[in-house]
2 protein chains.
Amino acid sequence: MATSPVKIRTTVRPTAGRRERHRTQTRERLYQAALQLFAERGFLKTTVEDITEAADVGKGTFFNYFQTKEHILAEFGGGYVSAMEHALEEARATEGPIIDVIRELAITSIRKINEHEALLRAIYAAHASCESVRLELKQRVVACRRLLADIIKLGQARGEIRLDIPAVELARQTQSIFMGVSMGWAICPSSTLRKVLEETWDLLLPGLRTSASRGHNGHRRVSK
Amino acid sequence: MATSPVKIRTTVRPTAGRRERHRTQTRERLYQAALQLFAERGFLKTTVEDITEAADVGKGTFFNYFQTKEHILAEFGGGYVSAMEHALEEARATEGPIIDVIRELAITSIRKINEHEALLRAIYAAHASCESVRLELKQRVVACRRLLADIIKLGQARGEIRLDIPAVELARQTQSIFMGVSMGWAICPSSTLRKVLEETWDLLLPGLRTSASRGHNGHRRVSK
């Protein structure tokens, strides 16, 4: 089955000397090769040897960079946490609507991580069939939820988001919806992920707002 | 890993003679044994022989009732279509709010099918890793979407549901959210499925309503 190449943006820091650069590149090569293989043949069916072969390095090399195959998934998952942290910084700094920061987070940042359908399916299948992988997910979901709750609190303080439900509950609910919709999309896509997320956001927005501000669905973009 | 017994309600018709009854019972035994095994060890790792052994029938017997293992999944999925058909009938007959019929569908009927966490995970893992299983899912999703769109149309005609988005689009969006939230719950439950679905519904409701009717979130129960 042909799968379009997985290419996940990572942050390669512009640091240090040649040796350090070489290490960073090898790590990145292993990481990308692993994700590519997960997407093609599934997480469970991919071995460490498959990964090192695809990355063109010796088998033992893998363990200089990652303890296990699961650590690759954890690193992938770390992208969600970074996106949330970034959004929280933005929410603290912006004078524009907080609701736009959340929209941007759901529709742009998280979507970029999720848009490779086959990879998302492989990751989902791994979570569905593997208890240890699920445990890692749970920790990450909780970390993301706390960050999102902090963003929502800012929106509540500014009178944009309803106050009758605690921020941490709204965060859990919003997270469950966007996580679920992305998973569902990977398994049974009815449209592009962007469109599905945008529609979900638009449908959800009146429920997130204070009753007074429900009239205007507005603010489609983050004003920068 | 201990898994609580899967017991999916099925409709055993009160028909005919002893032979027919025996057939119905054997079929049901195979079906329940299969679901139980899927939940315990996963769909892919369950063989037809495992199923016939657990159901205590000869191996060949399986094929008198189901063509393949995948047909068990299809039958399970058929439950969603039946729930939708039932809800459509109810929507046509009721003089109460259509929105309550949809709520009941999401929170009671679909939940009953989904509430076995391990089985749901096994089924979604199969969908995530198997193209042929996904194709079957797609057909079912489309069938359910059409039925839901018909229910939503009734709600639009009665002025309960917003008119600015076509019923078929609202059906797709609502379906994607509830399917997604159930999938996410099976992998990473933050609460009971009932609670998660109820919260999702409450958050979504203002976005489904006409702007005029958004004030009252009311009607928590189907009035029968």
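Where a number appears in this text, it was derived from the coordinates with a stated rule and is not lab data. Being a predicted model, the structure only gives us computed values, none of them experimental. Cβ sites come from the backbone with ideal geometry, for glycine too, and all protein chains shown count toward neighbours.
A few comments on the model shown:
- Pseudo-label separations to other copies for A:Gly58 - Cα-to-Cβ vector, 7 Å, nm: 6.0
- Distance from the alpha carbon centroid of the range A:141-164 to that of the range B:18-82 works out to 46 angstrom.
- Between the Cα long axis of helix A:18-41 and the first principal axis of chain A there is an angle of about 80°, rounded to the nearest 10.
- Long-range HN-HN contacts of B:Ile161 with modeled amide H, under 5 Å: B:Gln156, B:Thr210
- For A:17-25, mean number of other protein chain Cβ atoms within 10 Å: 0
- Coupling constants for the range A:139-150 follow from the phi torsions by the Karplus curve (6.51 cos²θ - 1.76 cosθ + 1.60, θ = phi - 60°), and in residue order they are 4, 5, 4, 5, 4, 5, 4, 4, 5, 5, 4, 5 Hz; glycine and proline get x.
- Over the range B:69-213, the hull volume per residue, using the convex hull of the C-alpha atoms, is 99 Å³.
- For the pair A:Lys59 and B:Ala74, a Förster radius of 60 Å applied to the C-beta separation gives a FRET efficiency near 0.90, rounded to the nearest 0.05.
- Note on chain B: with charges restricted to the Cβ of Lys and Arg (+1) and Asp and Glu (-1), its dipole about the Cα centre is near 320 debye.
- Within the protein assembly as shown: Cβ-based charge dipole about Cα centre, in debye rounded to nearest 20 (Lys, Arg +1; Asp, Glu -1): 160
- As an equivalent ellipsoid, the protein assembly as shown spans semi-axes of 37, 34, 16 angstrom, where each value is the square root of five times an eigenvalue of the C-alpha gyration tensor, largest first.
- Cα shape, the range B:40-146, gyration tensor, a/c 1.5 rule: prolate
- Residues B:Trp201, B:Trp185, ranked from the fewest to the most other C-beta atoms within 10 Å, line up as B:Trp201, B:Trp185.
- Teacher prompt: A:Arg23 distances to equivalent labels in other copies, 7 Å Cα→Cβ, nm: 7.1
- Normalised contact order of chain B, rounded percent, pairs of Cα under 8 Å and 6 or more residues apart: 21
- Near-label residues of the range A:79-97 by backbone N, under 18 Å of a point 7 Å along Cα→Cβ of A:Glu28: A:79
- Averaging the sequence gap over all C-alpha pairs within less than 8 Å and six or more residues apart, then dividing by the number of residues, gives the range B:18-65 a relative contact order of 32 percent.
- Residues considered: B:Asp202, B:Asp164, B:Asp100. Largest GNM mean-square fluctuation over chain B, using C-alpha springs under 10 Å, is found at B:Asp164.
- By the count of neighbouring beta-carbon atoms within 10 Å, fewest first, B:Arg194, B:Arg29 end up ordered B:Arg194, B:Arg29.
- With label points set 7 Å from Cα along Cα→Cβ, the inter-copy distances at A:Val142 are 4.3 nm, sorted shortest first.
- Top of A:Leu35, A:Leu205, A:Leu119 by mean-square fluctuation, Gaussian network on chain A, Cα under 10 Å: A:Leu205
- Between A:Ser132 and B:Asp164, the simple spin-label model (points 7 angstrom out along Cα→Cβ) gives 5.1 nm.
- Whole-Hz ³J(HN,Hα) from phi, Karplus 6.51 cos²θ - 1.76 cosθ + 1.60, for the range B:179-188, glycine and proline x: 5, x, 5, 5, 4, x, 4, 4, 8, 9
- Taking A:Val142, A:Val101, A:Val81 in turn, the Gaussian network model of chain A (Cα-Cα springs below 10 Å) assigns the largest fluctuation to A:Val142.
- Judged by the ratio a/c of the largest to the smallest principal axis of the C-alpha gyration tensor, the range B:18-65 counts as prolate, that ratio being 1.5 or greater while a/b is larger than b/c.
- For the axis carrying chain B to chain A: nearest C-beta residue of B, whole Å: B:Gly180, 1
- Phi angles of the range A:47-58 translate, via the Karplus equation with coefficients 6.51, -1.76, 1.60 and θ = phi - 60°, into HN-Hα couplings of 9, 4, 5, 4, 5, 5, 5, 5, 8, 6, 9, x Hz per residue; Gly and Pro are given as x.
- Computed [θ] at 222 nm, helices only, for chain B once each DSSP H run of length n ≥ 4 contributes -39500 (n - 2.57): -22000 deg cm²/dmol
- Signed unit charges on C-beta, dipole axis of the protein assembly as shown, positive-most listed residue A:Thr46, B:Ala34, B:Ala171: B:Ala171
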